[in-house]
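See structure below.
The values are calculated or read from the model by the stated rules, or taken from the named source; none is laboratory data. This is a predicted model, so every value here is computed, not measured. When we count neighbours, we look across all protein chains shown, and the Cβ atoms used for this are built from the backbone with ideal geometry, even at glycine. In case anyone asks, the SASA skips ligands and DNA or RNA and just uses the protein heavy atoms, side chains included. Shrake-Rupley method; radii C 1.70, N 1.55, O 1.52, S 1.80 Å.
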Amino acid sequence: MTNKEFDYLIVGAGLFGCVWAHEATKRGKKCLVIDRREHIGGNTYCENVEGINVHKYGAHIFHTNDKEIWDYVNSFVEFNRYTNSPVANYYGEFYNLPFNMNTFYQMWKVRTPEEAQAKIQSQIAEANITDPQNLEEQAISLVGTDIYEKLIKGYTEKQWGRKCVDLPAFIIKRLPVRFTFDNNYFNDRYQGIPIGGYNKLNEGLLEGIEVRLGVDYFKDREALDALAEQIVYTGKIDEYFDFQFGYLEYRSLRFDHELLDNQNYQGNAVVNYTDAETPFTRIIEHKHFEFGTQEKTLITREYPQEWTHGQEPYYPVNDDKNDRVFREYRKLAENVPNVIFGGRLAEYRYYDMHQVIGSALVKVRKHFGE
Ligand code: FAD
Ligand code: UDP
């Protein structure tokens, strides 16, 4: 028996919070979801401008290998057949991404996988890397120095505000390298964009659940805690513990949106600017995610920003120093009764959407003893 109004207070209406709220409600529990922003969906939120779904917090492409997760999201909204195939612009030279036979042909005029492999092997041998220790060494040992110099170094150092030699190798391992003429950015079996945008997915998950927007947990913590038996916290873990071990660092972004009287600005949803001088990393043309035919187009330039306390935390910086601090917070979190920590900010992980959904589903099942 419970005396409180809600079984769960869910702090954060991002994907983790939405999935948890949906699953707990399905199991007969009463949930209240709050978010300090004025909308649900966290970073997947879309705003409709001139009929175009604008990904307000950066381009979001859904992809997964997990049929259960694919079926799960498709039960709330249908997905289109969008396949991400970004193009890299290096001082006006165009290269296909991810690194594949098209890229190798454009870079070296090699025509066969054998020629491409030989070229890469000779560059790896010259660089003399046997056991890659950082992003630079990892990148060179995957694709050689030419591709590293033109397509990786400038982009990565802008994106992260750190030298490639000071960044963890795993960041670059996200990208496929393949010896086929295949520009699909992901290897996953399932991929697409929700037809009608991500809001449909989040609205579907939260259907029938009470949501209060513009509510910051920390501004009214005691009163909010008093409302529910248990808390699902998806905000920043260091903020939960009043930053007692110091700030966890993030990389932030500034999105510069521009509506143009032009039907088709760049002919692709994503164009990366991989040189070091252009101050933005990429231009997103949102209509192409949904094969839009509107009269106008909306583009977004993405400017990486140094993160300081108070700015939007976009990318966790999972280097050794921050991971050490995170482990201290995690130890505290493990001992807080009746609070479940989850999602990108509470777990301080560079999670994709399917991983956040997967993690929420696993935690829900564990929590309910299933
Ligand atoms: P969030 O979406 O961050 O939600 C957390 C919510 O909690 C926020 O709405 C926040 O306002 C709220 N909150 C925090 N603190 C408080 C508080 N104190 N009180 C009230 N509310 C609070 N994934 C992909 O799969 N494909 C992609 O192409 C892709 N592109 C991305 C591009 C960018 C630029 C970024 C930053 C991420 C991208 N991702 C992508 C990752 C994806 O955004 C995340 O995996 C997912 O949105 C994380 O969901 P979440 O619920 O953990 O966090
Ligand atoms: N990257 C790069 N050149 C590119 C695109 C990506 O060097 O043209 C590197 C960069 O370090 C980036 C990482 O690969 O942080 C992962 O890229 P992804 O597109 O997955 O990044 P996200 O969409 O998460 O920003």
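What to note about this one:
- Test for Glu295: is it in a loop (DSSP other than H, G, I, E, B), within 16 Å of ligand 2 (Cβ to nearest atom) and not hydrophobic (A, V, I, L, M, F, W, C): no
- Any hit, the range 39-54, residues being within 10 Å of ligand 1 (Cβ to nearest atom) and open to solvent by 30 Å² or more (accessible area, probe 1.4 Å): yes
- Restricting the search to helices (runs of 4 or more DSSP H) fully inside the range 115-206 and requiring at least 2 residues that are touching a strand residue (DSSP E or B) at 6+ places or on another chain (Cβ under 8 Å) gives 135-147, 154-160, 198-205.
- Among the residues making up the range 55-82, those that are part of a loop (DSSP other than H, G, I, E, B) and open to solvent by less than 60 Å² (accessible area, probe 1.4 Å) are Lys56, Tyr57, Gly58, Ala59, His60, Ile61, Phe76, Val77, Asn80, Tyr82.
- For the range 33-51, the count of residues that are assigned to a loop (DSSP other than H, G, I, E, B) and within 13 Å of ligand 2 (Cβ to nearest atom) is zero.
- Scanning the range 8-20 for residues that are in contact with a helix residue (DSSP H, G or I) (Cβ under 7 Å, 6 or more places away or on another chain) and more than 16 Å from ligand 2 (Cβ to nearest atom) yields Tyr8, Leu9, Ile10, Val11, Gly12, Ala13, Phe16, Cys18, Val19, Trp20.
- Applying the condition of being open to solvent by 30 Å² or more (accessible area, probe 1.4 Å) and within 8 Å of ligand 2 (Cβ to nearest atom) to the range 150-170 and asking which residue is farthest from the chain's Cα centre (by Cα) yields Lys153.
- Residue match in the range 279-287 (condition: open to solvent by less than 20 Å² (accessible area, probe 1.4 Å), among the acidic types (Asp, Glu) and without any contact (Cβ under 8 Å) to a residue 60 or more places away in the chain): yes
- Flag for Asn202 being surrounded by fewer than 21 Cβ atoms within 10 Å (Cβ to Cβ) and of a type outside the set (Val, Ile, Thr): no
- Checking Ala116 against (1) away from ligand 2 (no atom under 16 Å from the Cβ); (2) open to solvent by 40 Å² or more (accessible area, probe 1.4 Å), the condition it does not meet: (2)
- Residue list for the range 141-172, restricted to those being more than 16 Å from ligand 1 (Cβ to nearest atom) and of a type in the set (Phe, Trp, Tyr): Tyr148
- Residue-level analysis places Gln263 among those that are farther than 30 Å from Val339 by Cβ, surrounded by fewer than 19 Cβ atoms within 10 Å (Cβ to Cβ), more than 23 Å from the chain's Cα centre (by Cα) and among the polar types (S, T, N, Q).
- Considering the range 171-228, and only residues there that are touching an Asp or Glu at 6+ places or on another chain (Cβ under 7 Å) and closer than 28 Å to Ile52 by Cβ, the residue that is farthest from ligand 2 (Cβ to nearest atom) turns out to be Gly214.
- Conditions (1) within 16 Å of ligand 1 (Cβ to nearest atom); (2) buried (at least 20 other Cβ atoms within 10 Å of the Cβ); (3) among the polar types (S, T, N, Q): number failed by Thr103: (1)
- Listed by first and then second residue, the pairs with beta-carbon distance under 6 Å, at least 6 apart or on different chains, first residue in the range 205-224 and in contact (Cβ under 8 Å) with a residue 60 or more places away in the chain and over 24 Å from Leu361 (Cβ atoms), second open to solvent by 80 Å² or more (accessible area, probe 1.4 Å) and part of a loop (DSSP other than H, G, I, E, B), are Leu213/Glu38; Gly214/Glu38; Asp216/Arg36.
- Considering residues of the range 315-357 that are buried (at least 18 other Cβ atoms within 10 Å of the Cβ), among the hydroxyl-bearing types (Ser, Thr, Tyr) and under 13 Å from Glu249 (Cα atoms) only, the residue farthest from ligand 1 (Cβ to nearest atom): Tyr348
- Where Lys287 falls short, out of the listed (1) part of a helix (DSSP H, G or I); (2) among the charged types (D, E, K, R); (3) under 29 Å from Gly235 (Cβ atoms): (3)
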